[in-house]
Every structure is written in C-alpha cells, then in structure tokens.
C-alpha cells in the first residue's frame, strides 16, 4: 500500500516536470513530435532506473563504509555519465535497431537533471531497496507521461495562430503551465 | 595503448586533486555543520536537559525511525524518533533521553496530533511516567488500553532508541 | 566588455538560450532564494571557467568532458558544503537544487563554448557575465512572482531569516493577491511571458539594425 502511494505520488502528484521543475530542458527540446517524445521518455525510464540502482549500490557499499559521503555528488555524476556512454556504445554495436529509436537521445540524458535528482532523492529520503526500485521506475514514468501528452498538444499547436513573440518555446511554457494546473487537481487522490 | 594509459592517468590525477580538495573542505565544514544541527535542535534539547552542552552523534538508522542522536554533557543520550500513530497525516515526533546505562529518563513529544482522550493520553505526564520512564528494554514497555495505535508507534520508537543506544554507547 | 553585456539581454542564458531553466523555475518563488541561487551559480561559473581555462592546454581533447564534469562537480560540492556550514537557512531553502547546479547546462555549456579556447581573464569575465545574466533572470521572475502572490517583495538577512532587511510592496493590493503565482503554474506562465518579452526586444533590435 505504501509502495503504491509512493508510485502514484511520483507519477501524478509530485510529477518531476510539472511540480518539481526538473528535466524541463528535454521536456521543451524533444517534444516537437510524438515519436521523439516517446523515444526520449523511454530512454529516460531506462537510464534513471539502471543508474539509480548503480548509485544506490555505490552509496551503501562504498561511500558509507568508507565515510566519504561528501564525494557523493562527484561519484554519482561520473557513474551516470560513464554508464550512459557505455550503454550508447553497447547499443550502437549490438542493437542498431534500438539505437536508432532510443540511442540518439542517450547523450542528451547525461545533462538531464532528473537522473541525478532521483539518484540523490533515493538516498536523502532514506528509501529502502524496494522503495528505491519503485521510486526510480515511477518518477521517470511521470516524465514519460507528461512529455508524451505535451508533444501531442504541441503538434496541434503548430497550426494555431500565436503572437510572433510567443512562437516556439514561450507558448510551449504556457501549455506546460496549464498542464501543471490540471495535474494540481489530482492532489487529492493519495 | 600507451595513449589510453596516459588519458586514464590524467583523469585519475584530476579526480585525486578534487578528492583532496573536497576532503579538506569537508574537514573544515563538518564541525560547523554539526554545530548548526545542534543549534537548530537546541531549544528542544533544552527541554530535556536544561543548560547542558550538546553534541551530535554519528548514528544512521536504516528504518528512518531515529532521525537524530545527541549526547548531553558527555553522559546522557538523546534520540529523536518518529513513527506514524493513529493520525497518518502527522507522524509522531518525540525526543527520548537516556542516562548513562540506557534507562529512559525523559520523554517529550515535539509533534503529535493523536486523538484527544485516546491516543493523546499516551503523552500525559503520569502516563509517560508509568509507561516509559525508568524502563531499560523494550520488553518492559506496556501498551495503553484504548490507545493501541499510538502506543504501538511509541513502542516501535523506543525499540529503535534502545538499539541506537547500544550502537553508540 | 562585449561578452559581459551579451549575457544580460541578447544572449541571456535563461530567456534566450533556454539553459538552466529547471532551477530558474523552481527557485524563483521569492527574492531570497533567487539571489542565493544566482550567487551560487555565478561563483561556480566563474571558478569553473577559470580552472578549465587554466588547464585548457594540458587537457587531452578525448577526455575533456569527464574532466570538466569532475571540475564542476568538485566546485559545486565545495559550494554546497560551505553554504551548508555558514548559511544553513539558504541551504534548507535551495535543497536539492544546490547540488543540481552540476547538471545546469549553463556551466558545462560555457566551459565547452568559451573557457576551453580563451585565456583565464576573459573566461572569468565571461563567467561573471553569464552568471549575472542568470541571476538577473531568476531575480526578475522572483520579483514578479513574489509581488503577484503576496503584494510584497521582501529581502531577509540570509544569515538570520528572522531579520528583515528591506520590504517594498503595495499593502492596498493585499486582498487581491493571486496565490497561483507562487505555485508551479505561476512559474511556467511568468517564465513564458518574460521569455516572450525578451524575444520581442531581440526582434525589434534586429529589425532596427536592418
């Protein structure tokens, strides 16, 4: 029950983009059409889940026993960067099909703050292993959900008449604001 | 191959320097940060042992029940514990003071919104005295009838407190 | 000098290049947080530009990105520890966003675009300009949002949050505040309007040149 609440709140209520403002850059940058939004979203789910597992292990097996918690930031970011690079190389060689649809988004993910945030949140909130697993799947699923919805709206937005100064990103942000308003209405369900 | 080694070496040196820098900064700031944490809690800690000198203890609890550990006057221990009682929207937060040999001397509720007349009775002075004070282990702690949820939560906290005491004494 | 001025309007990293938006949106709820965050980012940006510029000739090209990341992460950790120790109130307010400066695209972006091919002094100035551009952006947003949601703009002593330093506002509007602007919705909307304004200014400037 507790895990379900955690998952629901991570996907809908404390949505990583709309409520915590993380990962706004890819949210605006890669949402011009639904296909790339879906690809980006799935790549984020994969990277966040795997790198959270890695960083969780690193924190409890290396950093805490050695009492070097202050190295957390630097080791996490290096692990994430190295992991993303590795996955990209591996995919390129072994799974060219998947690479074509997902791989191109991988380098962009290193600078996506959601990855580092989820890794740190798992530690700072003192989640146990099970909660970490749930949190690191649910949070990026929230990202996938909103980036997909957003891209659907955006595809239609191209046909709308917007003032010249609002063209492109500003009107996108207005839409994001309205989505945040809609999501704020879900607060009561947990 | 030679090139790879050179690259790895360079990265290694950069990482080593950064580790050193961080180590030094951490060495300087850690006592200040700990002192700040004590200061933030000072007013509450004073409720337990007035005018004592407080120090933060390095104790991390896996279950997230014990959220603070302090030493007062180098003799007594104070643990801050939290658990959910009957009211799930406001978890109970208590400070528990232990003397040198791990007997509960003192308990103060910092936050609790349990039901008046039921759970909230656990925090009445005489009930605290009967149920928790002078107890040395979790087996000695009884439940308060009519306040099952609240006393269970408090018993859980006490169990963790004794565990924490064993770990830091 | 030109680099320095560019950071404010024409190439404002936040409103024109859409970099570092996450923290801008999240921490523009009040002036204190905005200034604190702006200051932290500026400091990290200046030092990261300086260090990267100093080691630009000895850094092998193949591994420059990991080296930059290590340098930036170290600086951010140092700033984080110092803020935690000496300005605890700010540390609590900024929360996770302090360590997320690492992945703030402005910093890595400036390292890659400027510091790796320019001498130290120019890099420092570039860092200062971009950092102040970021601060400028986040402060504008915070002033608008704080005013609309509370009718006041106040600045507290960062070392002691109970001490008010300056407070400007319109008390007659107190009954007409729009609390929506302190929430995430307000952040997106304010950002959109200000960004559109910047786009308009730049468009006008371009047309003027023609």
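The values are calculated or read from the model by the stated rules, or taken from the named source; none is laboratory data. All figures in this text were calculated on a predicted structure; none of them were measured in a lab. Neighbour counts are summed over all protein chains in view; Cβ atoms, including those assigned to glycine, are modelled from backbone coordinates with ideal geometry.
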Within the range A:116-125, of all residues that are within 9 Å of chain C (Cβ to nearest Cβ) and more than 16 Å from residue C:66 (Cβ to Cβ), the one surrounded by the fewest Cβ atoms within 10 Å (Cβ to Cβ) is A:124
Among helices (runs of 4 or more DSSP H) completely within the range C:1-104, the ones holding 2 or more residues that are touching a strand residue (DSSP E or B) at 6+ places or on another chain (Cβ under 6 Å) are C:31-54
Residues in the range B:43-68 that are exposed (fewer than 13 other Cβ atoms within 10 Å of the Cβ), out of contact with any helix residue (DSSP H, G or I) (no Cβ under 9 Å at 6 or more places or on another chain) and either within 14 Å of chain A (Cβ to nearest Cβ) or under 25 Å from residue A:69 (Cα atoms) (or both): how many? 1
Selected residue (criterion: farthest from residue B:17 (Cα to Cα)) from residues of the range C:58-72 that are more than 9 Å from every other protein chain (Cβ to nearest Cβ) and touching a helix residue (DSSP H, G or I) at 6+ places or on another chain (Cβ under 8 Å): C:64
For the list (1) more than 18 Å from residue C:15 (Cα to Cα); (2) without any contact (Cβ under 8 Å) to a residue 12 or more places away in the chain; (3) loosely packed, with under 15 Cβ neighbours inside 10 Å, I need the number of the one condition that residue C:203 fails. (1)
Checked the range A:163-186 for anything under 17 Å from residue A:11 (Cα atoms), out of contact with any helix residue (DSSP H, G or I) (no Cβ under 6 Å at 6 or more places or on another chain) and not in a helix (DSSP H, G or I); matches are A:185
Filter result for residue C:24 (within 12 Å of another protein chain (Cβ to nearest Cβ), surrounded by 21 or more Cβ atoms within 10 Å (Cβ to Cβ) and farther than 27 Å from residue C:157 by Cβ): no
Can residue B:61 be described as within 15 Å of residue B:162 (Cβ to Cβ) and at pLDDT below 85? yes
Among (1) at pLDDT below 80; (2) in contact with a helix residue (DSSP H, G or I) (Cβ under 6 Å, 6 or more places away or on another chain); (3) away from chain C (no Cβ under 11 Å), which single condition is residue A:189 missing? (2)
Of the conditions (1) over 16 Å from residue A:31 (Cα atoms); (2) within 10 Å of chain C (Cβ to nearest Cβ); (3) free of Cβ contacts under 8 Å to residues at least 12 places away in the same chain, residue A:177 satisfies every one except a single condition; which number is it? (1)
With under 16 Å from the mean Cα position of the chain (by Cα), within 24 Å of residue B:43 (Cα to Cα) and exposed (fewer than 15 other Cβ atoms within 10 Å of the Cβ) as the only criterion, which of B:126, B:111 stands out? B:111
Counting only residues in the range A:140-172 that are away from chain C (no Cβ under 14 Å) and free of Cβ contacts under 8 Å to residues at least 60 places away in the same chain, the one surrounded by the most Cβ atoms within 10 Å (Cβ to Cβ) is identified as A:149
Looking at C:75, C:94, can you tell me which residue is more than 14 Å from chain B (Cβ to nearest Cβ), buried (at least 20 other Cβ atoms within 10 Å of the Cβ) and either under 30 Å from residue B:31 (Cα atoms) or at pLDDT 85 or above (or both)? C:94
Of all residues in the range A:1-33, which are touching a helix residue (DSSP H, G or I) at 6+ places or on another chain (Cβ under 7 Å), over 22 Å from residue C:19 (Cα atoms) and crowded, with 17+ Cβ neighbours inside 10 Å? A:6, A:7, A:10, A:11, A:12, A:13
Quick check on residue A:8: is it modelled with pLDDT of 85 or more, more than 19 Å from the chain's Cα centre (by Cα) and over 29 Å from residue C:16 (Cα atoms)? no
Test: residue C:158 is touching a residue at least 24 places away in the same chain (Cβ under 8 Å), in contact with a helix residue (DSSP H, G or I) (Cβ under 7 Å, 6 or more places away or on another chain), exposed (fewer than 15 other Cβ atoms within 10 Å of the Cβ) and more than 14 Å from chain A (Cβ to nearest Cβ): no
With respect to the numbered conditions (1) facing another protein chain (nearest Cβ under 10 Å); (2) at pLDDT below 85, which one is the sole condition not fulfilled by residue C:172? (1)
Answer residue from the range B:14-42, given it is touching a helix residue (DSSP H, G or I) at 6+ places or on another chain (Cβ under 8 Å) and under 20 Å from residue B:76 (Cβ atoms) and is surrounded by the most Cβ atoms within 10 Å (Cβ to Cβ) among those: B:38
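Answer yes or no as to whether residue C:125 is within 14 Å of chain B (Cβ to nearest Cβ) and either under 19 Å from the mean Cα position of the chain (by Cα) or closer than 29 Å to residue A:17 by Cβ (or both).
no
Taking the condition touching a strand residue (DSSP E or B) at 6+ places or on another chain (Cβ under 8 Å) and surrounded by fewer than 16 Cβ atoms within 10 Å (Cβ to Cβ), does residue B:100 pass?
yes
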The residue from C:139, C:103 that alone is more than 24 Å from residue C:186 (Cβ to Cβ) and more than 14 Å from chain B (Cβ to nearest Cβ) is C:103
Considering the range A:89-110, residues that are under 20 Å from residue C:103 (Cβ atoms) and surrounded by 20 or more Cβ atoms within 10 Å (Cβ to Cβ), and then whichever is modelled with the highest pLDDT, we arrive at A:109
Let me confirm something: among C:198, C:181, which residue is farther than 21 Å from residue C:39 by Cβ, within 14 Å of another protein chain (Cβ to nearest Cβ), part of a helix (DSSP H, G or I) and under 17 Å from the mean Cα position of the chain (by Cα)? C:198
Tell me whether the range A:142-162 contains one or more residues that are within 30 Å of residue B:64 (Cα to Cα) and part of a helix (DSSP H, G or I). yes
